[in-house]
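Heads up: the structure comes next, in C-alpha cells.
Taken together, the values in this text are just the output of simple stated rules run on the coordinates, not laboratory data. Keep in mind the model is a prediction, meaning the values are calculated, not measured. For neighbour counting, all protein chains shown are included, and Cβ atoms are generated from backbone atoms with ideal geometry for every residue, glycine included.
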Amino acid sequence: MLIRPLSKRHDTKGFDCGNDDLNRWLVQIAGQHGKKLVSKTFVAAENETASEILGYYAIGLLELRNEELPANLQQRLPRQVPAFRLGRLAVSSRHQGKKIGEFMLFDAIDRVTRISEEAGGVGLVVDAKDSAIGFYQRYGFETMADHPNRMILAIRAE
C-alpha cells in the first residue's frame, strides 16, 4: 500500500466510506482545495498506478491560541502558534478493519513532523467524531481546552 497525493487518475466517484459527507467532500471539494492551496489530500492505494482509493486524509494549516492547548503544552509558547489540521480521514467500506486508517494516520503524523522541522508547527489537530475519540487517544492525541472533540498530538522538537 502507498500513500500519494490525490490526482486525476484516482477514482473519487467510486469511493464509499459509508458517510455521505466524507464521500461528497472527496468528490466535490478535495481537488478544489488542492488547487487553491487550502489543504492537500492524500490517498491510500494498492500501488503507484491503482485508481481505486482505499482511504484518504487531508492536511491543512491553522493557527491556535496558546490557551486552547492542553496545559502541559502551553509552557514556553507564544500566544499564537502554528499547527496542522487533519481535516478528513476516511477508509473505504470495502477495506475497513484492515488498519488502513492507522496506516494513514501514521503517514500524516510523519508528514507533518517533517514539515514542522522545516517550517514550524506545534502539533496535529483533529476534530474527532465521538466514535473516533478512542482511536486518536490510542496514538497520543490529547483533548484541547476549547472543545472535548478537538484533539492535538504534539510534535516534539528533537
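Okay, here's what the table says:
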quantity	calculated
Set of lysines near K99 by C-alpha distance (under 28 Å), chain-local residues within fewer than 8 positions excluded	K8, K13, K40, K129
Contact order relative to length of region 2-154, as percent, for alpha carbon pairs under 8 angstrom and 6 or more apart	20 percent
Extended-chain gain in nm, criterion 0.36 nm per residue less alpha-carbon gap, S51 and F106	17.6 nm
Separation of alpha-carbon centers, region 111-158 and region 7-82, rounded to whole Å	13 Å
For region 2-154, alpha-carbon Rg relative to the globular expectation (2.2 N^0.38 Å, N residues)	1.05
Test item: Cα-centred dipole of region 1-137, Lys/Arg +1 and Asp/Glu -1 on Cβ, debye	320 debye
Rounded to whole Hz, the Karplus (6.51, -1.76, 1.60) HN-Hα couplings of region 93-108, x for glycine and proline	3, 5, 10, 5, x, 10, 6, 5, x, 4, 4, 5, 4, 4, 5, 4
